[in-house]
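Asker: A single structure is presented below for examination.
Rule-based calculations on the coordinates, nothing more; no lab input. Source: prediction; values computed, not measured. We place every Cβ from the backbone using ideal geometry, glycine too, and count neighbours over all the protein chains shown.
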DNA sequence: AATGAATGAGCCTTCATTCAT
DNA sequence: AATGAATGAAGGCTCATTCAT
């Protein structure tokens, strides 16, 4: 059943354990030895599956971007309903939260691994921003949003920055209920960001949604 | 003429060299040995003036916040003129740029030094956000801006996040002319963020200012 | 054939090299770098087997106490013969000699690692003193020694102190023949300490033994 | 009024502060910087009065020995009264306590400063042991003690070792009442050591004294 | 595939001591 | 006499990575 693209189970386990530890303790604090120890595997095993620590981070980054892209694609499919949009927004925030070490560590990682920076520019500013722009454009077509190209281009940029800003201000761990609160706050913040560009005609349903996050 | 609050020259030199190296190479990459080596001083000298690396960062952080606070205070004094406001905004961005390693490293430093996080919350979310809120409130009084309290509160938050997001996306070094470009881009981005809350009456002068950053 | 309690060969080598260097040069003088250098291994290897220098000392201390306990247990088995007793005493002194850095360094280590002090109190004042007390009690039962409980309790204490006092006055290295001399002197000293409590009936054999150490 | 042998006030202060810190925190832990800091003087001043740290320790050691010698001399003067003897013993223990860092650190210092070891042998084994031997000899003349030369020679040695053993087992700090207890315990221990050599004729007064330390 | 011992450059920091003033 | 900034060798320890098995 092993398709060509399929990664070994161990590969996946290492990714999972690394993500968990990076999120909780910080990538800078967690060593490859920590990861192996936590998983009860040898460091050798870890280095059999990954050339180095950077490769783990890189893999996690790709999954992060992939998840973001999927959320945005899903949102595109339901771009007619404000409800669906906000649902996608929530999911996106949860996804960011589950990779929260990345927005926190990325900028300082650029110094260490300049390749990551280029990669990131390409993916985040490129692919993701592109998708988000597409989404906003679609919403404008449907007359949910309004605004000229420049305005929407900046909205895209601001939207991403506020998303990132949101996670970086959160603490490293949270109980499920704390997370609910955080996600709510994040959504509200993003809604306020978008609000000025909501078409007056769609204002009532938009405000109804906003009310849920007050 | 040595005032009480005055620090030794060496102290200042270490701060300067550290800031330069941190900005260029990244705080994570630069060790206390690097700093001493670059300055052609002994490590002992460095540790005579600072208990440890964290203390250097902490001192830089305090100067960063102090500078931000000063810019905001200056902006408050000239809050009647849109021109002056934007001038302050530019200065603020330049100031952030000159401490750019901080917004980039802060989130990953929280993992290492949780005390910094608390301190930061207090100063950045507290003092600086407070001053910014004051500024926006003043502008609303003068009918330059409009919006309810909640809107302006979120504007404050977004404004800070976009400022931070701005620097973190920049590369580590830049020629003077590159810097000019970056600052312009940053200002424009912030102006777009504020734009929806500009009172229609002040739209013409605002647009004129915006035009300069196009 | 590897039993569960068995430590790696390297572990043992490090212990051996450390003991040798500590005895010869002093624990305070010998750094972990010295140990690694002397063994022609990397510092990393040393720290792979021991968390820190204290752990090496702690391991040595445990072996020291274990050896002491074994000597005392052996002595208890042959407690009927004065000859055997003195043989055990000699062995004990040789054992102390082979860990001589410990009695010399222990008091100054308490300042650095207070945990060691508690541990030591428990083991030395507790376990070892207990065994020694048992031994003296047995000898009293057999009417080799005499004295009330308090006297014997103090004898235990004095015996330990004189043993310790003995090593601390010796120089750090000695030729085999010098060592013989030292051990003889130590035994004689201890015999003199015990002498007042020897039952007159056992005086002749006791004096015969003493004569060998004159 | 400054006699040739008189040391400056600062010299004395440094000695006092060092003794206090060494006793409380351990010579190994206390740096020359600590001493200067505690005294609110510059390190330069400290090094003006002492060539190095060792010289401070050496000076303290000399005072320690001098004090011991004085106690013994005083005891010699009153060697006819058991009461006076025990009083001297108490004083001696208090004196040792006030220099307690020395017996604790001496053996490990020998490794660092072999000169100290020679010095110590000469003074402690030589001068002090000589005086103590003299005292015991006197007491034998007065028929307070009994025992042949060898026995008394060993008693001297044991006496010194138990004194030293006594301090090294104590904790570093103590309240006045704790100190009283410790001194009592120490005296009792020493009395038990001497007891076998007390002339039966002097047993009753001796036992009376002992009773006070029970 | 996996082990896990080993590497070693390098990190942060200390501290006895010096020396220009 | 005194200051206090400066020295710099050295100390304990880490950690990404390698490699023989």
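Asker: So, in Å, what gap is there between the alpha-carbon centers of the range B:175-214 and the range A:79-125?
Answerer: Each part's Cα centre sits 26 Å from the other's.
Asker: I need the shape label for the range D:80-158. Rule: rounded when a/c is under 1.5, else prolate if a/b > b/c, else oblate, with a, b, c from the alpha carbon gyration tensor. Walk me through the intermediate numbers first.
Answerer: Details: a/c = 3.27, a/b = 1.69, b/c = 1.94.
In terms of gyration-tensor shape, oblate.
Asker: Summarise the partner chain shielding of C:105-115 as one whole number: the mean count of Cβ atoms from other chains within 10 Å of each residue's Cβ.
Answerer: Working: counts 5, 4, 14, 12, 4, 6, 12, 4, 0, 2, 0.
Per residue, the average neighbour count from other chains is 6.
Asker: Ok, one more. Taking the 0 to 90 degree range and rounding to the nearest ten, how far is the long axis of helix D:149-169 tilted relative to the main principal axis of chain D, both from C-alpha atoms?
Answerer: The two axes meet at around 50 degrees.
Asker: Could the peptides C:40-50, B:94-104 be put in order, highest first, of the mean number of other beta-carbon atoms found within 10 Å of their residues?
Answerer: Working: C:40-50: 14.4, B:94-104: 21.0.
So the peptides C:40-50, B:94-104, ranked by packing, come out B:94-104, C:40-50.
Asker: What fraction of the Cα pairs in the protein assembly as shown, stated in percent, has a spacing above 51 angstrom?
Answerer: Details: 160115 of 365940 pairs.
Distances greater than 51 Å cover 44 percent of the Cα pairs.
Asker: In cubic angstrom, how much convex hull volume per residue do the alpha carbon atoms of the range D:1-109 span? Walk me through the intermediate numbers first.
Answerer: Values: hull volume 13.4 nm³, N = 109.
Cα convex hull per residue, to the nearest whole number: 123 Å³.
Asker: Mind checking A:159-169 for the average number of partner chain beta-carbons within 10 Å of each residue's beta-carbon?
Answerer: Working: counts 1, 3, 11, 8, 2, 6, 9, 2, 1, 9, 11.
Average per residue, whole number: 6.
Asker: Calculate, in whole percent, how much of the Cα-Cα pair population of the range C:8-50 lies beyond 12 Å.
Answerer: Values: 480 of 903 pairs.
Beyond 12 Å sits 53 percent of the P(r) for the range C:8-50.
Asker: Work out the FRET efficiency for residue C:54 and residue D:98 from their Cβ-Cβ distance, taking R0 = 35 Å, and round it to the nearest 0.05. Don't jump to the answer; show the numbers that get you there.
Answerer: Working: r = 30 Å, r/R0 = 0.85.
Once the sixth-power term is evaluated, E becomes 0.75.
Asker: Find the relative contact order for the range D:7-50 and round it to a whole percent, using C-alpha pairs within less than 8 Å whose residues are 6+ positions apart.
Answerer: Worked out over the range D:7-50, it gives 36 percent.
Asker: Can you tell me how much longer the chain between residue C:62 and residue C:77 gets when fully stretched, taken as 0.36 nm per residue apart minus their C-alpha distance, in nm with one decimal? Walk me through the intermediate numbers first.
Answerer: Values: separation 15, 0.36 × 15 = 5.40 nm, distance 2.26 nm.
Contour length minus Cα-Cα distance gives 3.1 nm.
Asker: Between residue B:11 and the same site in the other copies, what are the distances in nm, shortest first, taking label points 7 Å from Cα along the C-beta direction?
Answerer: Once sorted, the set of distances for residue B:11 reads 3.7, 5.1, 5.5 nm.
Asker: Report, as an integer, the average count of C-beta atoms from other chains found within 10 Å of each Cβ along D:189-200.
Answerer: 3
Asker: What is the ratio of the Cα radius of gyration of the range C:52-94 to 2.2 N^0.38 Å, where N is its residue count, to two decimals? It would help to have the intermediate numbers written out before the result.
Answerer: Values: Rg = 13.3 Å, N = 43, 2.2 N^0.38 = 9.2 Å.
The value comes to 1.45.
Asker: Which chain B residue puts its Cβ closest to the axis that rotates B onto D, and at what distance in whole Å?
Answerer: In residue-and-Å form, the answer is B:44, 3.
Asker: Further question: With the label 7 angstrom out along Cα to Cβ, how close does residue A:66 come to the same site in each of the other copies, in nm, nearest first?
Answerer: 4.9, 5.1, 8.1
Asker: Distances from residue B:180 to the same position in the other copies: list them in nm, one decimal, shortest first, using label points 7 Å from Cα along Cα→Cβ.
Answerer: Its label point is 5.5, 8.5, 9.4 nm from the equivalent points in the other copies.
Asker: Counting only C-alpha contacts under 8 Å and six or more residues apart, can you give the relative contact order of the range B:97-199 as a whole percent? Can you show the working numbers first?
Answerer: Details: 46 pairs, mean separation 35.6, N = 103.
It comes to 35 percent, rounded to a whole number.
Asker: Can you classify the range C:60-212 as rounded, prolate or oblate using the Cα gyration tensor, where a ≥ b ≥ c are the square roots of its eigenvalues, rounded means a/c under 1.5, and otherwise it's prolate if a/b beats b/c and oblate if not?
Answerer: Working: a/c = 2.07, a/b = 1.36, b/c = 1.52.
Oblate, since a/c reaches 1.5 and b/c is not below a/b.
Asker: Turning to a different aspect of this structure: Just want to confirm a number: the relative contact order over chain D, from Cα pairs under 8 angstrom separated by 6+ residues, in percent. Each step should come with its number before you reach the end.
Answerer: Details: 157 pairs, mean separation 46.3, N = 214.
So the answer I get is 22 percent.
Asker: If you don't mind, there's one more thing I want to ask. With everything on Cα atoms, drop me the angle between helix C:176-194 and the longest principal axis of chain C, reported from 0 to 90° to the nearest 10.
Answerer: Tilt relative to chain C: about 50 degrees.
Asker: For the range C:148-214, what class follows from the C-alpha gyration tensor (a ≥ b ≥ c being the square roots of its eigenvalues): rounded when a/c is under 1.5, otherwise prolate if a/b is larger than b/c, else oblate?
Answerer: Working: a/c = 4.99, a/b = 1.43, b/c = 3.49.
Since a/c reaches 1.5 but b/c is at least a/b, the shape of the range C:148-214 is classed as oblate.
Asker: Now for a separate question. For the Cα atoms of chain D, what angle does the longest principal axis make with the long axis of helix D:203-212, in degrees from 0 to 90, nearest 10?
Answerer: Helix D:203-212 sits roughly 40 degrees off the main axis of chain D.
Asker: Restricting to DSSP H runs of at least four residues, report the calculated mean residue ellipticity at 222 nm for chain A, -39500 (n - 2.57) per run over all residues, nearest 500 deg cm²/dmol.
Answerer: Working: 11 runs with 156 residues, N = 214.
My calculation for chain A gives -23500 deg cm²/dmol from helical runs alone.
Asker: Still on this structure: Applying 1/(1 + (r/R0)^6) with R0 = 25 Å to the Cβ-Cβ distance of residue D:40 and residue B:42, what FRET efficiency is obtained, to the nearest 0.05? Walk me through the numbers on the way to the answer.
Answerer: Numbers: r = 26 Å, r/R0 = 1.03.
It comes to 0.45.
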